[in-house]
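Coordinate-derived values only; no laboratory data. Because the structure is a prediction, the values reported are computed rather than measured. We place every Cβ from the backbone using ideal geometry, glycine too, and count neighbours over all the protein chains shown.
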Amino acid sequence: MISDKKSVPFAGVPRRLYRVREAAHYLGMSKSKVRQLAWSGKLPFVQDGENTLMLFDVRDLDRWIDSNREAGQ
């Protein structure tokens, strides 16, 4: 699990929502690429009103990984 000083998870409760930085780390890409995917509608995100943090459900991140997997040649 990714931890940051601003967000300390409760003991034993797995986090479901990740910030852009955490989602980027999870996916192995840049923050700008994650934002681009979100704004283009390719990666769902949660937002509580305009101008608030983009949050990414870990299950959506896993679905994005699975749907973008390519078989080797």
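Of the trypsin sites (Lys or Arg not before Pro) found in the range 8-73, the ones in coil according to DSSP and having at most 16 other Cβ atoms within 10 Å of their Cβ are 15, 16, 42, 69.
FRET efficiency for the residue 29 to residue 50 pair, using the beta carbon distance and R₀ = 30 Å, is estimated at 0.75. Per-residue Karplus couplings for the range 32-38, computed as 6.51 cos²θ - 1.76 cosθ + 1.60 with θ equal to phi - 60°, are listed in order as 5, 5, 4, 4, 4, 4, 5 Hz, Gly and Pro entered as x. Compared with the alpha-carbon gap, the fully stretched path from residue 17 to residue 58 is longer by 14.1 nm at 0.36 nm per residue.
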